[in-house]
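J.: Pasting in a structure now, in C-alpha coordinates, and then I'll have a few things to ask.
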Amino acid sequence: MDFSLSTGALNTLTDHTLIVAVPSEGDLPSATQQINQDFGGIIDTLLQQKDFSGKAGSTLLLPSVNGTRMILMGIGKDAIKGKDWIKSVKAAATCLKNSASDKGAITLHGLSFDDVDEAWAHQQLAQCFEDALYEFKECKSKPKEGEEDESKTIETLTVIADPAMETALQQGKAIAVGMALCKTLGNLPGNIATPSFLAETAVSLAEQYDKLAVDVLEEDRMEELGMGSFLSVSAGSIEPGKLICLNYTGGKKGDAPHVLVGKGITFDTGGISLKPGAGMDEMKYDMCGAASVLGTLKTLCALNLPINVVGVIAAAENMPAGHATKPGDIVTAMNGTTIEILNTDAEGRLVLCDALTYAIDTFKPASIVDIATLTGACMMALGGVNSGLMTQDEALAEEIQSAAELSRDAVWRLPLQEEYQELLDSNFADIANIGGRLAGATTAACFLSRFTEGQKWAHLDIAGTAWFSGGKNKGSSGRPVPLLVTYLMGKE
Ligand code: BES
Ligand code: MN
Ligand code: ZN
(Lines give C-alpha, C1' and ligand atoms only; values in the text may rest on other atoms or scores of the structure.)
(Ligands and ions follow the chains in the order given, each with its own letter.)
Protein backbone atom coordinates (compact mmCIF):
# COMPACT_ATOMS: atom_id res chain seq x y z
CA MET A 1 0.00 0.00 0.00
CA ASP A 2 1.09 3.59 -0.64
CA PHE A 3 0.85 6.47 1.76
CA SER A 4 0.37 9.82 0.14
CA LEU A 5 0.64 12.93 2.19
CA SER A 6 -1.69 15.70 1.23
CA THR A 7 -2.65 19.11 2.54
CA GLY A 8 -6.23 20.31 2.23
CA ALA A 9 -9.33 19.07 3.99
CA LEU A 10 -10.59 15.57 4.68
CA ASN A 11 -14.15 16.30 3.57
CA THR A 12 -12.99 17.12 0.03
CA LEU A 13 -11.67 13.59 -0.65
CA THR A 14 -15.11 12.16 -1.23
CA ASP A 15 -13.90 9.44 -3.64
CA HIS A 16 -11.95 7.92 -0.70
CA THR A 17 -13.35 6.13 2.31
CA LEU A 18 -13.08 8.81 4.97
CA ILE A 19 -11.68 7.54 8.24
CA VAL A 20 -13.17 9.84 10.82
CA ALA A 21 -11.79 10.03 14.36
CA VAL A 22 -14.50 10.00 17.01
CA PRO A 23 -13.72 10.36 20.74
CA SER A 24 -15.72 8.56 23.43
CA GLU A 25 -16.39 11.83 25.26
CA GLY A 26 -15.98 15.58 24.78
CA ASP A 27 -16.03 17.69 21.62
CA LEU A 28 -15.48 16.27 18.15
CA PRO A 29 -12.06 17.12 16.64
CA SER A 30 -12.17 19.86 13.98
CA ALA A 31 -11.99 17.62 10.89
CA THR A 32 -14.68 15.33 12.31
CA GLN A 33 -16.85 18.35 13.12
CA GLN A 34 -16.67 19.42 9.48
CA ILE A 35 -17.76 16.02 8.20
CA ASN A 36 -20.50 15.80 10.81
CA GLN A 37 -21.88 19.08 9.44
CA ASP A 38 -21.53 18.01 5.79
CA PHE A 39 -23.55 14.90 6.52
CA GLY A 40 -26.37 16.47 8.47
CA GLY A 41 -25.10 15.80 11.97
CA ILE A 42 -24.90 12.05 11.40
CA ILE A 43 -22.04 11.52 13.87
CA ASP A 44 -23.83 13.39 16.66
CA THR A 45 -26.92 11.30 15.99
CA LEU A 46 -25.06 8.00 16.07
CA LEU A 47 -23.37 8.96 19.34
CA GLN A 48 -26.62 10.13 20.91
CA GLN A 49 -28.42 6.94 19.89
CA LYS A 50 -25.50 4.93 21.26
CA ASP A 51 -25.00 3.28 17.87
CA PHE A 52 -21.35 4.17 18.26
CA SER A 53 -19.34 4.56 21.47
CA GLY A 54 -16.08 6.11 20.27
CA LYS A 55 -14.14 3.62 22.37
CA ALA A 56 -10.57 3.02 21.18
CA GLY A 57 -10.54 -0.02 18.90
CA SER A 58 -14.22 0.29 17.93
CA THR A 59 -15.17 1.10 14.34
CA LEU A 60 -18.35 1.60 12.37
CA LEU A 61 -18.54 1.38 8.59
CA LEU A 62 -21.30 3.63 7.28
CA PRO A 63 -23.01 2.77 4.02
CA SER A 64 -22.11 5.22 1.31
CA VAL A 65 -24.12 8.43 1.36
CA ASN A 66 -24.15 10.21 -2.02
CA GLY A 67 -21.23 8.00 -3.02
CA THR A 68 -19.06 8.76 0.00
CA ARG A 69 -18.19 5.97 2.37
CA MET A 70 -17.12 6.60 5.94
CA ILE A 71 -15.48 4.65 8.73
CA LEU A 72 -15.95 5.98 12.24
CA MET A 73 -12.76 5.25 14.16
CA GLY A 74 -13.19 5.29 17.94
CA ILE A 75 -10.20 6.95 19.63
CA GLY A 76 -11.28 6.82 23.27
CA LYS A 77 -10.72 9.65 25.68
CA ASP A 78 -9.03 12.87 24.69
CA ALA A 79 -6.01 13.24 25.10
CA ILE A 80 -5.18 10.03 23.25
CA LYS A 81 -2.75 7.59 24.83
CA GLY A 82 -0.18 5.95 22.54
CA LYS A 83 -1.51 2.49 23.22
CA ASP A 84 -5.09 3.51 22.40
CA TRP A 85 -3.91 5.12 19.17
CA ILE A 86 -2.32 1.84 18.04
CA LYS A 87 -5.54 -0.02 18.81
CA SER A 88 -7.61 2.55 16.93
CA VAL A 89 -5.43 2.54 13.83
CA LYS A 90 -5.33 -1.26 13.61
CA ALA A 91 -9.10 -1.47 13.93
CA ALA A 92 -9.62 1.17 11.23
CA ALA A 93 -7.24 -0.63 8.86
CA THR A 94 -9.06 -3.93 9.36
CA CYS A 95 -12.41 -2.24 8.83
CA LEU A 96 -11.20 -0.64 5.57
CA LYS A 97 -9.82 -3.97 4.41
CA ASN A 98 -13.18 -5.64 5.01
CA SER A 99 -15.04 -2.89 3.18
CA ALA A 100 -15.61 -2.65 -0.57
CA SER A 101 -13.18 0.27 -0.85
CA ASP A 102 -9.53 0.25 -1.85
CA LYS A 103 -8.56 3.76 -0.79
CA GLY A 104 -8.83 5.55 2.48
CA ALA A 105 -8.18 9.05 3.77
CA ILE A 106 -7.44 10.15 7.29
CA THR A 107 -6.19 13.16 9.21
CA LEU A 108 -4.89 13.74 12.71
CA HIS A 109 -5.79 17.43 12.60
CA GLY A 110 -7.42 18.50 15.82
CA LEU A 111 -6.45 15.35 17.74
CA SER A 112 -4.48 15.77 20.92
CA PHE A 113 -2.14 13.12 22.26
CA ASP A 114 -1.23 12.39 25.84
CA ASP A 115 2.06 10.50 26.19
CA VAL A 116 3.27 10.73 22.56
CA ASP A 117 3.88 13.46 19.98
CA GLU A 118 2.44 14.09 16.54
CA ALA A 119 5.38 12.58 14.63
CA TRP A 120 5.13 9.39 16.71
CA ALA A 121 1.41 9.19 15.98
CA HIS A 122 2.03 9.54 12.24
CA GLN A 123 4.78 6.94 12.30
CA GLN A 124 2.56 4.48 14.12
CA LEU A 125 -0.31 5.29 11.77
CA ALA A 126 1.75 4.13 8.79
CA GLN A 127 3.33 1.20 10.62
CA CYS A 128 0.19 -0.21 12.22
CA PHE A 129 -2.03 0.40 9.21
CA GLU A 130 0.31 -1.45 6.88
CA ASP A 131 0.96 -4.17 9.45
CA ALA A 132 -2.76 -4.77 10.03
CA LEU A 133 -3.18 -5.41 6.29
CA TYR A 134 -0.50 -8.14 6.27
CA GLU A 135 -1.67 -11.51 5.01
CA PHE A 136 0.23 -14.75 4.55
CA LYS A 137 -0.93 -16.28 1.29
CA GLU A 138 2.30 -17.86 0.04
CA CYS A 139 1.11 -21.40 0.60
CA LYS A 140 -2.54 -21.15 -0.49
CA SER A 141 -3.30 -22.31 -4.01
CA LYS A 142 -3.98 -19.51 -6.50
CA PRO A 143 -7.60 -19.04 -7.62
CA LYS A 144 -8.22 -21.11 -10.76
CA GLU A 145 -9.21 -19.52 -14.00
CA GLY A 146 -12.82 -18.37 -13.92
CA GLU A 147 -12.85 -18.39 -10.11
CA GLU A 148 -13.12 -15.10 -8.33
CA ASP A 149 -10.01 -13.88 -6.52
CA GLU A 150 -11.31 -13.08 -3.06
CA SER A 151 -8.19 -11.31 -1.96
CA LYS A 152 -8.58 -7.62 -1.54
CA THR A 153 -5.84 -5.04 -1.26
CA ILE A 154 -5.82 -1.40 -0.25
CA GLU A 155 -4.11 0.82 -2.81
CA THR A 156 -3.55 4.03 -0.92
CA LEU A 157 -4.05 5.77 2.34
CA THR A 158 -4.08 9.52 1.87
CA VAL A 159 -2.95 11.25 5.03
CA ILE A 160 -3.83 14.89 5.34
CA ALA A 161 -1.01 16.38 7.35
CA ASP A 162 1.75 18.94 7.52
CA PRO A 163 4.50 18.01 5.00
CA ALA A 164 6.87 17.83 7.99
CA MET A 165 5.17 14.50 8.83
CA GLU A 166 6.48 12.85 5.66
CA THR A 167 9.56 11.38 7.40
CA ALA A 168 7.48 9.88 10.17
CA LEU A 169 5.15 8.23 7.64
CA GLN A 170 8.07 6.83 5.66
CA GLN A 171 9.69 5.47 8.84
CA GLY A 172 6.48 3.73 9.84
CA LYS A 173 6.05 2.27 6.37
CA ALA A 174 9.67 1.03 6.30
CA ILE A 175 9.28 -0.68 9.68
CA ALA A 176 6.11 -2.40 8.46
CA VAL A 177 7.94 -3.61 5.35
CA GLY A 178 10.68 -5.12 7.54
CA MET A 179 8.03 -6.69 9.79
CA ALA A 180 6.32 -8.21 6.74
CA LEU A 181 9.55 -9.89 5.64
CA CYS A 182 10.10 -11.12 9.20
CA LYS A 183 6.54 -12.48 9.39
CA THR A 184 6.62 -14.21 6.03
CA LEU A 185 9.92 -15.95 6.77
CA GLY A 186 8.54 -17.05 10.14
CA ASN A 187 5.25 -18.30 8.71
CA LEU A 188 6.86 -20.29 5.90
CA PRO A 189 7.07 -23.98 6.85
CA GLY A 190 10.30 -25.78 7.65
CA ASN A 191 10.34 -27.65 4.35
CA ILE A 192 10.49 -24.34 2.47
CA ALA A 193 12.32 -22.00 4.84
CA THR A 194 15.48 -24.09 5.17
CA PRO A 195 18.93 -22.69 6.03
CA SER A 196 19.62 -22.53 2.26
CA PHE A 197 16.39 -20.59 1.74
CA LEU A 198 17.40 -18.06 4.40
CA ALA A 199 20.76 -17.69 2.65
CA GLU A 200 19.03 -17.14 -0.71
CA THR A 201 16.75 -14.56 0.90
CA ALA A 202 19.80 -12.72 2.23
CA VAL A 203 21.48 -12.86 -1.19
CA SER A 204 18.45 -11.43 -2.96
CA LEU A 205 18.11 -8.69 -0.34
CA ALA A 206 21.75 -7.76 -0.92
CA GLU A 207 21.09 -7.65 -4.66
CA GLN A 208 18.32 -5.13 -4.09
CA TYR A 209 20.36 -2.64 -2.09
CA ASP A 210 23.77 -1.14 -2.94
CA LYS A 211 24.79 -0.66 0.66
CA LEU A 212 24.14 -4.28 1.59
CA ALA A 213 26.64 -7.08 0.97
CA VAL A 214 26.33 -10.73 1.90
CA ASP A 215 28.74 -13.54 2.68
CA VAL A 216 27.48 -17.07 3.31
CA LEU A 217 29.80 -19.46 5.16
CA GLU A 218 29.24 -23.09 4.22
CA GLU A 219 29.88 -26.07 6.52
CA ASP A 220 33.37 -26.81 5.17
CA ARG A 221 34.43 -23.24 5.99
CA MET A 222 32.89 -23.57 9.47
CA GLU A 223 34.86 -26.77 9.91
CA GLU A 224 38.09 -24.91 9.07
CA LEU A 225 37.18 -22.21 11.56
CA GLY A 226 36.65 -24.83 14.28
CA MET A 227 32.94 -24.22 14.80
CA GLY A 228 32.39 -27.62 16.44
CA SER A 229 29.48 -26.36 18.48
CA PHE A 230 27.48 -24.99 15.53
CA LEU A 231 28.20 -28.10 13.43
CA SER A 232 27.03 -30.43 16.22
CA VAL A 233 23.53 -29.05 15.65
CA SER A 234 23.37 -29.33 11.87
CA ALA A 235 25.00 -32.80 12.07
CA GLY A 236 21.66 -34.65 12.27
CA SER A 237 20.09 -32.91 9.30
CA ILE A 238 20.39 -33.41 5.56
CA GLU A 239 19.99 -29.63 5.24
CA PRO A 240 23.45 -28.05 5.44
CA GLY A 241 23.89 -25.32 8.05
CA LYS A 242 24.75 -21.80 6.90
CA LEU A 243 26.32 -18.85 8.66
CA ILE A 244 24.92 -15.84 6.85
CA CYS A 245 26.65 -12.46 7.24
CA LEU A 246 24.95 -9.32 5.98
CA ASN A 247 27.00 -6.14 5.98
CA TYR A 248 25.12 -2.84 5.74
CA THR A 249 27.47 0.10 5.22
CA GLY A 250 25.31 3.17 5.60
CA GLY A 251 27.77 4.91 7.93
CA LYS A 252 31.34 6.17 7.73
CA LYS A 253 33.99 3.82 6.46
CA GLY A 254 35.93 2.42 9.38
CA ASP A 255 33.21 3.07 11.97
CA ALA A 256 32.75 -0.10 14.04
CA PRO A 257 29.41 -1.73 13.19
CA HIS A 258 26.53 -2.56 15.47
CA VAL A 259 26.03 -6.29 15.16
CA LEU A 260 22.78 -8.29 15.36
CA VAL A 261 23.06 -12.07 15.68
CA GLY A 262 19.90 -14.11 14.97
CA LYS A 263 19.05 -17.69 15.90
CA GLY A 264 17.95 -19.38 12.71
CA ILE A 265 16.90 -22.92 13.62
CA THR A 266 14.61 -23.53 10.67
CA PHE A 267 13.03 -26.46 12.49
CA ASP A 268 13.69 -27.60 16.04
CA THR A 269 12.65 -31.21 16.68
CA GLY A 270 14.85 -31.23 19.77
CA GLY A 271 17.22 -33.67 18.04
CA ILE A 272 17.90 -36.93 19.91
CA SER A 273 16.40 -35.22 23.00
CA LEU A 274 13.22 -35.25 20.92
CA LYS A 275 10.41 -32.84 21.76
CA PRO A 276 6.88 -34.15 22.46
CA GLY A 277 4.62 -34.21 19.38
CA ALA A 278 1.85 -31.79 20.41
CA GLY A 279 2.36 -28.37 18.90
CA MET A 280 5.75 -29.29 17.49
CA ASP A 281 4.81 -27.64 14.18
CA GLU A 282 5.38 -24.29 15.94
CA MET A 283 9.08 -25.05 16.03
CA LYS A 284 9.15 -23.81 12.44
CA TYR A 285 9.22 -20.42 14.21
CA ASP A 286 12.58 -21.22 15.79
CA MET A 287 14.22 -19.05 13.14
CA CYS A 288 12.33 -15.90 14.12
CA GLY A 289 15.49 -14.30 15.54
CA ALA A 290 17.08 -14.70 12.11
CA ALA A 291 13.90 -13.43 10.44
CA SER A 292 13.94 -10.32 12.63
CA VAL A 293 17.55 -9.63 11.63
CA LEU A 294 16.64 -9.85 7.93
CA GLY A 295 13.56 -7.69 8.46
CA THR A 296 15.52 -5.09 10.40
CA LEU A 297 18.21 -4.89 7.72
CA LYS A 298 15.56 -4.45 5.05
CA THR A 299 14.10 -1.53 7.00
CA LEU A 300 17.55 0.05 7.45
CA CYS A 301 18.13 -0.19 3.70
CA ALA A 302 14.74 1.35 2.94
CA LEU A 303 15.49 4.20 5.35
CA ASN A 304 19.09 4.56 4.20
CA LEU A 305 20.12 4.90 7.84
CA PRO A 306 23.62 6.46 8.16
CA ILE A 307 25.21 3.79 10.36
CA ASN A 308 27.09 0.53 9.89
CA VAL A 309 25.22 -2.61 10.89
CA VAL A 310 26.12 -6.27 10.46
CA GLY A 311 23.57 -9.06 10.67
CA VAL A 312 24.82 -12.57 11.39
CA ILE A 313 22.42 -15.47 11.06
CA ALA A 314 23.14 -18.91 12.47
CA ALA A 315 20.94 -21.13 10.28
CA ALA A 316 20.59 -24.86 10.87
CA GLU A 317 17.96 -27.56 11.28
CA ASN A 318 17.88 -29.60 14.51
CA MET A 319 17.02 -33.22 13.65
CA PRO A 320 17.47 -36.70 15.13
CA ALA A 321 19.44 -39.13 12.94
CA GLY A 322 22.10 -41.82 13.04
CA HIS A 323 24.66 -39.09 12.55
CA ALA A 324 23.04 -36.67 14.99
CA THR A 325 24.76 -35.43 18.15
CA LYS A 326 23.89 -37.48 21.25
CA PRO A 327 23.36 -36.41 24.87
CA GLY A 328 26.74 -36.61 26.58
CA ASP A 329 28.71 -35.77 23.44
CA ILE A 330 31.46 -33.22 23.97
CA VAL A 331 32.29 -30.68 21.27
CA THR A 332 34.77 -27.81 20.99
CA ALA A 333 33.50 -24.34 20.09
CA MET A 334 35.40 -21.92 17.85
CA ASN A 335 36.85 -20.06 20.85
CA GLY A 336 38.25 -23.32 22.28
CA THR A 337 35.62 -23.85 24.98
CA THR A 338 34.63 -27.51 25.34
CA ILE A 339 30.90 -28.14 25.76
CA GLU A 340 29.16 -31.18 27.16
CA ILE A 341 25.85 -31.45 25.29
CA LEU A 342 23.56 -32.84 27.98
CA ASN A 343 20.42 -32.02 26.00
CA THR A 344 20.37 -31.71 22.22
CA ASP A 345 17.22 -29.59 22.52
CA ALA A 346 19.30 -26.74 23.95
CA GLU A 347 20.63 -26.19 20.43
CA GLY A 348 20.09 -22.45 20.00
CA ARG A 349 22.97 -21.53 22.29
CA LEU A 350 25.18 -24.06 20.49
CA VAL A 351 24.81 -22.34 17.12
CA LEU A 352 24.79 -18.86 18.61
CA CYS A 353 28.04 -19.24 20.56
CA ASP A 354 30.07 -19.86 17.41
CA ALA A 355 28.19 -17.14 15.53
CA LEU A 356 29.02 -14.71 18.37
CA THR A 357 32.71 -15.68 18.37
CA TYR A 358 32.88 -15.28 14.60
CA ALA A 359 31.05 -11.92 14.67
CA ILE A 360 33.33 -10.54 17.39
CA ASP A 361 36.55 -11.71 15.69
CA THR A 362 35.52 -10.59 12.22
CA PHE A 363 33.61 -7.36 12.73
CA LYS A 364 34.98 -5.89 16.00
CA PRO A 365 31.51 -4.64 16.95
CA ALA A 366 30.63 -1.35 18.63
CA SER A 367 27.77 -3.31 20.18
CA ILE A 368 26.36 -6.79 19.74
CA VAL A 369 22.79 -7.95 20.36
CA ASP A 370 21.59 -11.49 19.80
CA ILE A 371 17.95 -12.30 19.17
CA ALA A 372 16.70 -15.82 19.78
CA THR A 373 13.63 -17.96 20.48
CA LEU A 374 15.86 -19.49 23.09
CA THR A 375 13.92 -20.87 26.05
CA GLY A 376 10.49 -22.12 27.00
CA ALA A 377 11.39 -20.75 30.44
CA CYS A 378 11.38 -17.18 29.13
CA MET A 379 8.01 -17.74 27.54
CA MET A 380 6.66 -19.10 30.83
CA ALA A 381 8.06 -16.14 32.77
CA LEU A 382 6.99 -13.29 30.48
CA GLY A 383 4.23 -14.69 28.25
CA GLY A 384 3.54 -12.94 24.98
CA VAL A 385 3.88 -9.40 26.31
CA ASN A 386 7.59 -8.84 26.87
CA SER A 387 10.70 -10.17 25.24
CA GLY A 388 13.36 -11.09 27.81
CA LEU A 389 16.36 -8.75 27.97
CA MET A 390 19.56 -9.97 29.58
CA THR A 391 22.78 -7.98 29.72
CA GLN A 392 25.46 -6.90 32.16
CA ASP A 393 25.90 -3.58 30.35
CA GLU A 394 23.74 -0.99 32.10
CA ALA A 395 24.02 1.63 29.35
CA LEU A 396 23.03 -0.86 26.67
CA ALA A 397 20.14 -2.09 28.83
CA GLU A 398 18.87 1.46 29.11
CA GLU A 399 19.15 2.08 25.37
CA ILE A 400 17.21 -1.08 24.57
CA GLN A 401 14.61 -0.42 27.25
CA SER A 402 13.91 3.08 26.00
CA ALA A 403 13.73 1.86 22.39
CA ALA A 404 11.22 -0.75 23.60
CA GLU A 405 9.08 1.91 25.25
CA LEU A 406 9.16 4.20 22.23
CA SER A 407 8.38 1.43 19.73
CA ARG A 408 5.82 -0.25 22.04
CA ASP A 409 7.71 -3.48 21.41
CA ALA A 410 8.15 -4.30 25.07
CA VAL A 411 11.05 -5.94 26.89
CA TRP A 412 11.50 -6.96 30.51
CA ARG A 413 14.90 -7.33 32.05
CA LEU A 414 15.81 -10.71 33.53
CA PRO A 415 18.86 -11.27 35.74
CA LEU A 416 22.29 -12.24 34.49
CA GLN A 417 24.50 -12.38 37.56
CA GLU A 418 27.75 -14.25 38.20
CA GLU A 419 25.98 -16.37 40.82
CA TYR A 420 24.06 -18.26 38.12
CA GLN A 421 27.15 -19.25 36.16
CA GLU A 422 27.96 -22.30 38.28
CA LEU A 423 24.73 -23.95 37.16
CA LEU A 424 26.55 -24.66 33.88
CA ASP A 425 29.41 -26.58 35.53
CA SER A 426 30.22 -29.88 33.85
CA ASN A 427 32.11 -32.88 35.26
CA PHE A 428 33.66 -33.63 31.90
CA ALA A 429 33.99 -30.46 29.82
CA ASP A 430 34.48 -26.71 30.40
CA ILE A 431 30.72 -26.14 30.48
CA ALA A 432 27.45 -28.00 30.02
CA ASN A 433 24.85 -26.75 27.54
CA ILE A 434 22.02 -26.80 30.11
CA GLY A 435 21.73 -25.56 33.67
CA GLY A 436 19.05 -27.77 35.19
CA ARG A 437 15.43 -26.92 36.00
CA LEU A 438 15.91 -23.50 37.55
CA ALA A 439 16.25 -20.06 35.94
CA GLY A 440 16.24 -21.45 32.40
CA ALA A 441 16.24 -18.12 30.57
CA THR A 442 19.12 -16.85 32.67
CA THR A 443 21.27 -19.98 32.38
CA ALA A 444 20.87 -19.83 28.60
CA ALA A 445 22.10 -16.22 28.69
CA CYS A 446 24.95 -17.29 31.04
CA PHE A 447 26.01 -19.79 28.42
CA LEU A 448 26.15 -17.07 25.74
CA SER A 449 27.97 -14.70 28.10
CA ARG A 450 30.94 -17.12 28.09
CA PHE A 451 31.44 -16.16 24.44
CA THR A 452 30.96 -12.39 24.69
CA GLU A 453 33.40 -11.41 27.44
CA GLY A 454 34.51 -7.78 27.26
CA GLN A 455 31.87 -6.94 24.66
CA LYS A 456 29.01 -4.46 24.77
CA TRP A 457 26.51 -7.31 24.48
CA ALA A 458 22.84 -7.95 25.16
CA HIS A 459 20.63 -10.98 24.64
CA LEU A 460 16.95 -10.85 23.65
CA ASP A 461 14.90 -14.00 24.28
CA ILE A 462 11.86 -13.73 22.00
CA ALA A 463 10.43 -17.22 22.66
CA GLY A 464 7.11 -15.74 23.87
CA THR A 465 6.80 -12.75 21.57
CA ALA A 466 7.89 -13.85 18.07
CA TRP A 467 4.64 -15.55 17.16
CA PHE A 468 1.05 -16.06 18.29
CA SER A 469 0.39 -19.70 19.20
CA GLY A 470 -2.47 -21.96 18.15
CA GLY A 471 -5.98 -20.76 17.26
CA LYS A 472 -7.16 -18.28 14.66
CA ASN A 473 -4.45 -15.71 15.28
CA LYS A 474 -1.65 -18.20 14.84
CA GLY A 475 1.19 -16.55 12.99
CA SER A 476 4.39 -14.60 13.21
CA SER A 477 4.20 -11.25 15.05
CA GLY A 478 6.98 -9.37 13.28
CA ARG A 479 8.57 -8.63 16.65
CA PRO A 480 11.13 -7.45 17.59
CA VAL A 481 11.70 -5.58 14.29
CA PRO A 482 10.19 -2.31 15.64
CA LEU A 483 12.40 -2.53 18.72
CA LEU A 484 15.60 -3.28 16.79
CA VAL A 485 15.02 -0.54 14.22
CA THR A 486 14.23 2.00 16.93
CA TYR A 487 17.31 0.94 18.91
CA LEU A 488 19.52 1.36 15.84
CA MET A 489 17.93 4.70 14.92
CA GLY A 490 19.23 5.87 18.29
CA LYS A 491 22.78 5.14 17.09
CA GLU A 492 22.61 7.73 14.28
N1 BES B 1 13.41 -23.37 20.57
C2 BES B 1 13.35 -23.86 21.89
C3 BES B 1 12.73 -22.87 22.87
C4 BES B 1 11.25 -22.67 22.74
C5 BES B 1 10.38 -23.65 23.17
C6 BES B 1 10.75 -21.49 22.27
C7 BES B 1 9.02 -23.44 23.07
C8 BES B 1 9.40 -21.27 22.18
C9 BES B 1 8.53 -22.26 22.58
C10 BES B 1 14.76 -24.19 22.38
O11 BES B 1 15.63 -24.68 21.44
C12 BES B 1 14.61 -25.25 23.42
O13 BES B 1 14.19 -26.32 23.07
N14 BES B 1 14.94 -24.94 24.67
C15 BES B 1 14.82 -25.84 25.73
C16 BES B 1 16.06 -25.72 26.58
C17 BES B 1 16.16 -26.77 27.65
C18 BES B 1 16.42 -28.13 27.00
C19 BES B 1 17.29 -26.39 28.57
C20 BES B 1 13.58 -25.47 26.53
O21 BES B 1 13.32 -24.29 26.72
O22 BES B 1 12.86 -26.38 26.93
MN1 MN C 1 15.47 -26.78 21.19
ZN1 ZN D 1 15.29 -24.09 19.53
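The values are calculated or read from the model by the stated rules, or taken from the named source; none is laboratory data. Bear in mind the structure is a predicted one, so any value in this text is a computation, not a measurement. Note that we place each Cβ from the backbone using ideal geometry, even for glycine, and neighbour counts take in every protein chain shown. The accessibility values were calculated without ligands, DNA or RNA, using every heavy atom of the protein model including side chains. Shrake-Rupley method; radii C 1.70, N 1.55, O 1.52, S 1.80 Å.
J.: Per q in 0.07, 0.08, 0.11, 0.13 1/Å, what log10 I(q)/I(0) does a Debye calculation on the alpha-carbon atoms of the chain return?
T.: Computed log10 I(q)/I(0) values: -0.41, -0.52, -0.90, -1.15.
J.: Further question: State whether segment 1-153 is rounded, prolate or oblate according to the following rule on the C-alpha gyration tensor (a ≥ b ≥ c being the square roots of its eigenvalues): a/c under 1.5 gives rounded; otherwise a/b larger than b/c gives prolate, and the remaining case gives oblate.
T.: Numbers: a/c = 1.89, a/b = 1.43, b/c = 1.32.
Because a/c hits 1.5 or more and a/b exceeds b/c, segment 1-153 counts as prolate.
J.: Helix 195-208 versus the longest principal axis of the chain: what angle, 0 to 90°, nearest 10, using Cα atoms?
T.: In the chain, helix 195-208 runs at an angle near 50 degrees to the longest axis.
J.: Using a probe radius of 1.4 Å on heavy atoms only, what accessible surface per residue do you get for the chain? Whole Å² is fine.
T.: On the way: 20360 Å² over 492 residues.
With the other protein chains kept in place, the chain gives 41 Å² per residue.
J.: In whole angstrom, note down how far apart the Cα centers of segment 152-183 and segment 202-238 are.
T.: The distance from the Cα centre of segment 152-183 to that of segment 202-238 comes to 33 Å.
J.: Magnitude of the Cβ-charge dipole of the chain, K/R +1 and D/E -1, about the Cα centre, nearest 20 debye?
T.: On the way: 38 positive and 63 negative charges, 167 e Å.
Value, rounded to 20: 800 debye.
J.: Which of the listed residues, Gly383, Pro320, Phe113, is farthest toward the dipole's positive end in the chain, when Lys, Arg count +1 and Asp, Glu count -1 at the beta-carbon?
T.: Selected residue: Phe113.
J.: What percentage of the solvent-accessible surface of the chain, computed with a 1.4 Å probe over protein heavy atoms, is contributed by carbon and sulfur atoms? Walk me through the numbers on the way to the answer.
T.: Values: 10030 of 20360 Å².
That share works out to 49 percent.
J.: List the aspartates and glutamates whose Cα sits under 17 Å from the Cα of Lys284, skipping any in the same chain fewer than 8 residues away.
T.: Glu138, Glu239, Asp268, Glu317, Asp345, Glu347, Asp461
J.: Give, in nm to one decimal, the length gained when the segment between Ala395 and Ala321 is fully stretched (0.36 nm per residue of separation minus the Cα-Cα distance).
T.: Values: separation 74, 0.36 × 74 = 26.64 nm, distance 4.42 nm.
Value of the extension gain: 22.2 nm.
J.: What does the extension gain come out to for Ser6 and Cys139, with contour length at 0.36 nm per residue minus their alpha carbon separation?
T.: The Ser6-Cys139 span can extend by a further 44.2 nm.
J.: What number do you get for segment 334-478 when its Cα radius of gyration is normalised by 2.2 N^0.38 Å, N = residues?
T.: Working: Rg = 15.3 Å, N = 145, 2.2 N^0.38 = 14.6 Å.
Relative to the 2.2 N^0.38 Å estimate, segment 334-478 comes out at 1.05.
J.: Give me the three principal axis extents of segment 414-492 from the C-alpha atoms, as integers in angstrom, largest value leading.
T.: Here the Cα extents, ordered largest to smallest, are 45, 40, 19 Å.
J.: What percentages make up the Cα-Cα pair-distance distribution of segment 407-451 when the bins are 10 Å wide from 0?
T.: Each 10 Å bin holds this share of Cα pairs: 27, 49, 17, 7, 1.
J.: Also: Stretched out fully, how many nm does the piece from Ser53 to Lys77 gain, at 0.36 nm a residue minus the Cα gap?
T.: Numbers: separation 24, 0.36 × 24 = 8.64 nm, distance 1.09 nm.
Net length gain for the segment: 7.6 nm.
J.: Still on this structure, I have one more. Which entries in the list Lys50/Lys77; Lys137/Lys298; Lys140/Lys183; Lys55/Lys83 go over 18 Å, if you measure between the two C-alpha atoms of each? Mind dumping the intermediate values first?
T.: Values: Lys50/Lys77 16 Å; Lys137/Lys298 21 Å; Lys140/Lys183 16 Å; Lys55/Lys83 13 Å.
From Lys50/Lys77; Lys137/Lys298; Lys140/Lys183; Lys55/Lys83, over 18 Å: Lys137/Lys298.
J.: For segment 1-68, list log₁₀ I(q)/I(0) at each q in 0.13, 0.21 Å⁻¹, using the Debye formula over Cα point scatterers of equal strength and ignoring solvent, two decimals each.
T.: For the requested q values the scattering log ratios are -0.39, -0.99.
J.: What's log10 of I(q)/I(0) for segment 131-232 at q = 0.12, 0.16, 0.24 Å⁻¹, Debye sum over Cα points only, no solvent?
T.: -0.69, -1.01, -1.32
J.: Still on this structure, I have one more. So which aspartates and glutamates can Lys364 reach, going by Cα to Cα under 14 Å and dropping same-chain residues fewer than 8 places off?
T.: Partners within reach: Asp255, Glu453.
J.: Sticking with this structure for a sec: Per the Cauchy relation, a quarter of the hull surface: what is the mean projected area of the convex hull of the alpha carbons in segment 208-293, in nm²? Kindly include the intermediate steps, with their values, before the conclusion.
T.: Values: hull surface 30.2 nm².
The number I arrive at for segment 208-293 is 7.5 nm².
J.: Which FRET efficiency value, to the nearest 0.05, is calculated for Arg413 and Ser30 with the Förster distance at 41 angstrom and r the Cβ-Cβ distance? Walk me through the numbers on the way to the answer.
T.: Values: r = 43 Å, r/R0 = 1.04.
Efficiency computed from Cβ-Cβ geometry: 0.45.
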